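Report on one structure; see the data block that follows.
A short reminder: the numbers here are calculations on the coordinates, not readings from a lab. Just so it is clear, the model here is predicted, and its values are computed rather than measured. Note that we place each Cβ from the backbone using ideal geometry, even for glycine, and neighbour counts take in every protein chain shown.
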Amino acid sequence: MKTRLLPIILVSQSPLLFAQTDNFDDGNSTGWTEVDVLAGVGAPGSFSFPSGNTYRMEGATSPNQATFGQSRIGALQADVTYTDFYQSIDIVDFDESLDQNIGMLARVKDPGLGTLDGYSFTYNPTDRRMFFTVITNEAGPNLVDEEVLLDLGTPVRLVFQGTGDAFTCKIFDLSDLTTPVATMETTDSTWTTGASGIFVAADQNDPANSTDCTFDNYFAAAEEPEPSTEIDIIGFEIDGDELVIEFTSLAGESYGIWNSSGLENWQEVEDSIAGDLGTTTVVRITNPEPAAKKQFFEVRKEQ
């Protein structure tokens with residue numbers, strides 16, 4: 001695909017936040033290391049992108065639960081490691097007939113069959129419980145668990161935070177991102193640094209199950225974004241005939257993208273962009289002005 005170069009200046013009022021984000025609108029897993037644990041023993045799973053804007057993981061049934069464990073499949077952002085971390089993911093769809101644990105991984109090292117170390121925060125929609133687990137060689141105890149009072153099939157957001165040896169896990173109903181429906185806290189000092197990621201695994205009570213879950217809106221950073229009315233421009237890129245702008249935002253707010261060729265006359269080119277909580281918003285502007293013109297873009301909160 002031929003890429004046009006477009007000189008642009010992005011206006012931001014506060015320092016940039018370093019973070020990893022993916023809303024999967026590009027329909028690929030660039031930046032992810034996919035970990036199909038059972039593929040090497042004859043039970044490959046699959047990764048796909050429903051509607052080109054979400055990330056689906058389907059794990060095959062384990063060929064031998066006693067030897068290889070239950071079905072499980074995941075993906076890591078392996079190029080960046082965190083000590084302190086704040087990360088979130090949306091669980092937007094899953095097979096409700098399967099008893100499965102869906103969640104996030106942190107401080108991961110040595111991913112693979114029987115080797116992965118780190119921490120996990122998981123949600124089991126069937127059992128309506130969430131768990132914090134210390135993982136050593138793909139096994140380990142649940143240090144804490146908590147009831148989650150949500151109906152089966154409810155889309156949720158998981159938020160997982162670690163600062164030193166202190167950990168906080170929260171679940172939000174996606175229809176209300178202002179108040180968590182369940183929270184748990186604990187401490188542990190087993191693992192200090194590593195990569196972050198997402199996964200789904202069959203519950204040990206039903207190890208013969210396969211797994212099937214769809215994710216969206218991944219976010220990871222070293223600390224929780226500060227709630228603010230200020231807008232941070234996270235980044236931008238040219239993708240074919242589209243200009244992609246990523247910025248921090250707040251749930252319940254609405255934003256617009258404004259454009260000018262000389263910082264005097266501004267026009268709104270995108271409006272009614274819904275904000276989000278604890279992550280970023282990405283907007284794509286199709287067919288911006290020709291590359292021969294210098295362009296300025298600004299993100300504004302709508303009144």
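Just to be sure I follow the definition: excluding the sites themselves, where is the longest run in the chain that has none of the GluC sites (Glu not before Pro) in a DSSP loop with at most 16 other Cβ atoms within 10 Å?
That gives 97-222 as the longest site-free run.
Mean-square fluctuations from a GNM of the chain, with a 10 angstrom spring cutoff on Cα atoms, peak among Asp22, Asp212, Asp188 at Asp188. In sequence order, region 268-273 has phi-based couplings of 7, 9, 9, 9, 6, 8 Hz under the Karplus curve 6.51 cos²θ - 1.76 cosθ + 1.60, θ = phi - 60°, and Gly or Pro positions carry x.
In the P(r) worked out for the chain, what percent of Cα pairs fall beyond 27 Å?
Details: 20137 of 45753 pairs.
That fraction is 44 percent.
In this structure the amide hydrogen of Arg56, modeled in the peptide plane, comes within under 5 Å of the amide hydrogens of Ser48, Phe49, Phe215, none closer than 5 places in sequence on its chain. For Ala78, the residues 5 or more places off, or on other chains, whose built amide H falls under 5 Å of its own are Thr33.
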